[in-house]
Amino acid sequence: MPILPPPADPFAITVPVLIAGGGACGLTAALAARGAGAEVLILEKDAIPRGTTSMSQGTMCAAGTQAQKDAGIEDSPEQFFEDVMAKVEGKSDPDFVRVVTREAAPTIDWLSADHGIPFAVDTSWKGLGHSVQRLHAPPEKTGEDLLGRLLQAVERVGADLLTDANLTDLYADDSGRVLGVRIARPDGSHEDIGCGALILATCGFANNPDMIAEFIPDMAGAHVFTWENSLGDGIRWGMDLDGAVADMSSFQGYGALAHPQELLFNYNYVIDGGVQVNRNGERFSDEMADVSGQGVKVMRQPDHIAYMIYDETLHNRYKHLHETRQALEIGAVKNAETIADLASALDIPAGALQQTLTDIADSKGGKHEDAWGRDFTGTHDLAPPYYGIRVTGAIYHTQGGLDVDANAQVKRIGGGVLPNLFAGGGAARGISGPTCSGYIPASGICMAMTLGRLAGQAAARLTS
Ligand SMILES: Cc1cc2nc3c(=O)[nH]c(=O)nc-3n(C[C@H](O)[C@H](O)[C@H](O)COP(=O)(O)OP(=O)(O)OC[C@H]3O[C@@H](n4cnc5c(N)ncnc54)[C@H](O)[C@@H]3O)c2cc1C
C-alpha cells in the first residue's frame, strides 16, 4: 500500500472531503462535514458498511449531556477528565484527554438534536473507571442499531457513500499533502479520486498479526475478536507520510466472550455481583478492577477459559439484553438448582465452586476481606437457582494510532500537522494510555464519534 507520487493527469473526479471507512467514525465525520457545508464522499471496503461498530454494544461515554441531565445525573467534562487520568494512572496526554472529555457531550447532544439519534444513559453500567453513569446508547443498545441510525442520517444529509471501494493507495506530494486516493473494486478494476482533505476512519490493527507482533509483542498470537478489515491501513498510510503515532501498545481486551460460540456476553452480571472462576472453580481476580485487563487475565487461565457465575435474579434482570438473548437461544447459558449441578453442567469441580461462593458470602458478611480485594458493597447476594456460561478472553480493538490535535488533524513527526490529513476512531490514538488496563468503558465509540465530528468540521473548514 504505497504512497504514490502526484498523478500525471488531473483526477477525473475530485471531492472536497473524502472519508476512508464507513463505521461510527467515518459516518459521524460525514455528518459533521455536511453540516459545515462540504461535499462528502465516504469510501467503504465492504458491500454493506458494518465495521467494528456493528459488533459493539453501541455505547459511548460522555459527560454533561442533556440525556444525563434528563436522568438527573450530575456530571461534567472535568469529572470525566479526572476519571480517565486516574484510570490511565496519569499515563495519557492530558491535553488530548481534555479535548475528548470536553467534546464528547456536544457530540452526543448534536447527534440527538440534529440527527434524531435518541441516546439515553445506560444506568446499568457503573464503576469500572466511571465515577457516575455516563454510558450512552440508542434504545436497542447494539452497534448494529447505532450504525443503522448513522447510515440513515448520512443519507438524509446527502453525503455520498461508495461501498465495495477498497482504498489501496494514497497520492501525495512532497509536503505530505494528500491529493487523492486509489480504490480497488471487486471486479479487479481501479479508480482514482482526488480530494481536498482525507479523513482516515479505517479503525485500528487488531486483525493484523504483524502489527500486533510489532507494537504489542506481549499479545502476539493472542485470540482476537474484531472486524476483519481492522488491518491498520489508515495508520500505516499516516506513518508513511511521517505522521506521528502514540500509545501503539494499547488495546481493549474483554474477558466475557462466550466460548466456543464466539459471542459477546454482557458484563452486567459481574457488575451486579456475579463472579468469574477458572476451570478449577476458583476465582483469579477482582473482576471489577479493570474490564479490559480482565480479558488478559482470562486468557492466562488454564485453557484460556473462565466461567461467569451468577443467579436467577441477575438472569431475570438482564435476560432482555440482545447478547444474552442470543446466548440463551444457542444454549450457551447453563442453569441448575444447586451449585453442584451447575458445576456438573459446566464441567468444573463442585467442591471448589461451592467453596468460592461460600468465601464470597463470608466476605460480604464481614468474616474476612475478599481474597482478591473486590468491594462487593451494594451487589446482589447470589442464591439458587444458579447460572453460568463458559467464556474466553480476546483483543477487541487496538487503542493506539495516529496522534492528532484538537481538530483531529494528524500530527507530523517532529512538530506541526500534515496539511490535509485527519484521523479518528481506531485509526487515531485513544485516551487509554499505553496499556490495555487504561481502557475506560465505552471509549472506543467515544473516540470514533467525537474525533469523527471534530475531523469532519475541520476538514470542511479547510476545504471551503
Ligand atoms: C465485540 C466488540 C464490542 C465493542 N463494544 C463497544 C462498546 O459498546 N462501546 C465502545 O465504545 N466501544 C466498543 N467496542 C470498540 C468499538 O466498536 C470501536 O472502537 C469503534 O467501533 C471503532 O469505530 P471506527 O469507525 O473507528 O471503526 P469501524 O467501525 O471498524 O469502521 C471502520 C470501517 O473502515 C472500513 N475500512 C477499513 N479499511 C478500509 C480500506 N482500506 N478502504 C475502505 N474501507 C476500509 C471497514 O470495513 C469499516 O467499515 C467494541 C469492539 C468490539 C470488537
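Just so you know, all these numbers are worked out from the coordinates, no wet-lab data involved. Bear in mind the structure is a predicted one, so any value in this text is a computation, not a measurement. Cβ atoms come from the backbone with ideal geometry, glycine included; neighbour counts cover every protein chain shown.
Whole Å is fine, so just give me how far the alpha carbon centre of the stretch 408-445 lies from that of the stretch 166-211.
The distance from the Cα centre of the stretch 408-445 to that of the stretch 166-211 comes to 18 Å.
Please name whichever of Ile309, Pro186, His136 sits farthest to the positive end of the charge dipole of the chain, dipole taken about the Cα centre and charges placed at Cβ: Lys and Arg +1, Asp and Glu -1.
So the residue furthest toward the plus end is His136.
Using the crude model of +1 on Lys and Arg Cβ and -1 on Asp and Glu Cβ, and no other charge, please compute the dipole size for the stretch 251-395 relative to its Cα centre, in debye to 20.
220
As a check on your grasp of the helix formula, calculate [θ] at 222 nm for the chain: sum -39500 (n - 2.57) over DSSP H runs of n ≥ 4, divide by the residue count, round to the nearest 500.
The helix-only estimate for the chain comes to -10000 deg cm²/dmol at 222 nm.
So who's got an amide H within less than 5 Å of the one on Val224, skipping anything under 5 residues away but keeping other chains? H placed 1.01 Å off N, in plane.
Counting only residues 5 or more places away or on other chains, the set is Ile395.
Suppose R0 equals 45 Å. What FRET efficiency, 1/(1 + (r/R0)^6) with r the Cβ-Cβ distance, do Arg156 and Ile413 give to the nearest 0.05?
0.70
Rounded to whole Å, give me the distance from the Cα center of the stretch 89-146 to that of the stretch 1-44.
26
With N set to the residue count of the stretch 251-395, report its C-alpha Rg divided by 2.2 N^0.38 Å to two decimal places.
Compactness ratio reported: 0.95.
Considering the options Ile339, Gly378, Gly388, tell which one lies farthest towards the positive end of the dipole of the stretch 331-402, charges being +1 on Lys and Arg and -1 on Asp and Glu at the Cβ, about the Cα centre.
Gly388
Per-residue HN-Hα couplings for the stretch 436-444, Karplus 6.51 cos²θ - 1.76 cosθ + 1.60 at θ = phi - 60°, whole Hz, x for Gly and Pro?
Result, ordered by residue: 6, 6, x, 6, 9, x, 6, 8, x Hz.
Amide H neighbours of Ala172 under 5 Å, at least 5 residues apart or on other chains, H built in the peptide plane: list them.
Under 5 Å from the amide H of Ala172 lie the amide H atoms of Leu4, Leu179, each far enough along the sequence or on another chain.
So how do Ser175, Ser76 line up by other beta-carbon neighbours within 10 Å, fewest first?
Ser175, Ser76
Could you give each residue of the stretch 187-196 its phi-based ³J(HN,Hα) in whole Hz, using Karplus coefficients 6.51, -1.76, 1.60 with θ = phi - 60°, and x for Gly or Pro?
7, x, 7, 10, 9, 10, 9, x, 8, x
Restricting to the chain, what percent of DSSP beta bridges are antiparallel, rounded to 5?
Among the beta bridges of the chain, antiparallel pairing accounts for roughly 70 percent.
Exposure proxy check: Thr101, Thr14 ranked by fewest other beta carbons within 10 Å?
Starting with the residue having the fewest Cβ neighbours, the order is Thr14, Thr101.
Work out from phi, with θ = phi - 60° and the Karplus expression 6.51 cos²θ - 1.76 cosθ + 1.60, the ³J(HN,Hα) of each residue of the stretch 358-370, listed in order in whole Hz, and give x for Gly and Pro.
5, 4, 5, 4, 5, 5, 5, x, x, 6, 7, 6, 5
When the chain is fully extended, how far beyond the present Cα-Cα distance does Glu282 get from Ala340, taking 0.36 nm per residue of separation?
19.5 nm
Quick query: amide H of Val417 versus all other amide H atoms, modeled in the peptide plane; which residues come in under 5 Å with a sequence gap of 5 or more or a different chain?
Amide H neighbours of Val417, under 5 Å, 5+ apart: Arg412.
What order do you get for 439-448, 85-94 when each peptide is scored by the mean count of other beta carbon atoms within 10 Å, highest first?
Per-residue Cβ counts within 10 Å, averaged per peptide and sorted highest first, yield 439-448, 85-94.
Among the listed pairs Lys91/Lys364; Lys126/Lys297; Lys69/Lys411; Lys45/Lys91; Lys87/Lys364, which have their C-alpha atoms separated by more than 24 angstrom in this model?
Distance filter (> 24 Å) returns Lys91/Lys364; Lys69/Lys411; Lys45/Lys91; Lys87/Lys364.
Using the alpha-carbon atoms, what tilt in degrees (0 to 90, nearest 10) does helix 24-35 show relative to the longest principal axis of the chain?
The two axes meet at around 40 degrees.
Compare the peptides 307-314, 326-333, 25-32 by average per-residue count of other Cβ atoms within 10 angstrom and give them in order, highest first.
Packing order, densest peptide first, comes out as 25-32, 307-314, 326-333.
Work through the residues other than Arg390 whose Cβ is under 11 Å from its Cβ and net out their charges, Lys, Arg +1 and Asp, Glu -1.
Net of charged neighbours comes to 0.
As I understand it, the value is the acute angle between the Cα axis of helix 77-87 and the longest principal axis of the Cα atoms of the chain; what does it come to in degrees, rounded to 10?
Here the helix axis deviates by roughly 60 degrees.
Sorted from fewest to most neighbouring beta carbons within 10 Å, what does the list Ile389, Ile235, Ile348 look like?
Ile348, Ile389, Ile235
Going Cα to Cα from Lys319, which aspartates and glutamates come in below 20 Å? Please leave out same-chain ones fewer than 8 positions away.
Leaving aside aspartates and glutamates fewer than 8 places away in the same chain, those within reach of Lys319 are Asp122, Glu140, Glu144, Asp145, Glu262, Asp272, Asp311, Glu329, Glu337, Asp381.
Report, in degrees rounded to the nearest 10, the 0 to 90 angle that the Cα long axis of helix 94-115 makes with the longest principal axis of the chain.
For helix 94-115, the angle is close to 80 degrees.
What relative contact order, as a whole-number percentage, does the chain give when Cα pairs under 8 Å and 6 or more residues apart are counted?
25
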